[in-house]
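So the structure is just underneath, and the comments pick up after that.
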Amino acid sequence: MFNEFISKLDGLQLIPVMPEDYFRASDLARAYNLMSFDALHLSAMRRSRIRNIATRDRDFERVDGIVIWSP
């Protein structure tokens, strides 16, 4: 049901997590004091040249070079 909902969101593109994202995530976690999954999101974003993130997670406010969209 969730996958069906996500697939119908206009303009949303899912990107895969690649092995190199895991390696970069550990550096990003230390650099920005992020939890592992947040750092993994950031790593995949950087690899894909994505600068925007929709989140309520205020930890991303410590990250330079991204735009945060929050409800």
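In the set Ser70, Ser43, Ser36, only one residue is crowded, with 17+ Cβ neighbours inside 10 Å, at negative phi and hydroxyl-bearing (Ser, Thr, Tyr); that residue is Ser43.
Results for (1) farther than 18 Å from Met18 by Cβ; (2) under 9 Å from the mean Cα position of the chain (by Cα), shown as yes or no for each residue.
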site	(1), (2)
Tyr32	yes, no
Ser36	no, no
Ala39	no, yes
Ala44	no, yes
Ser48	no, no
Arg56	yes, no
Glu61	yes, no
Ile66	yes, no
Trp69	yes, no
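Residues of the range 43-71 that are in a helix (DSSP H, G or I), over 17 Å from Leu12 (Cα atoms) and touching a strand residue (DSSP E or B) at 6+ places or on another chain (Cβ under 9 Å): Arg58, Phe60, Glu61.
Readers should treat all values here as calculations from the given coordinates under stated rules, not as data from a laboratory. Predicted model, so just to flag it, every value in this text is computed and none were measured. Here the Cβ is made from the backbone with ideal geometry for all residues, glycine too, and neighbour counts use every protein chain on show.
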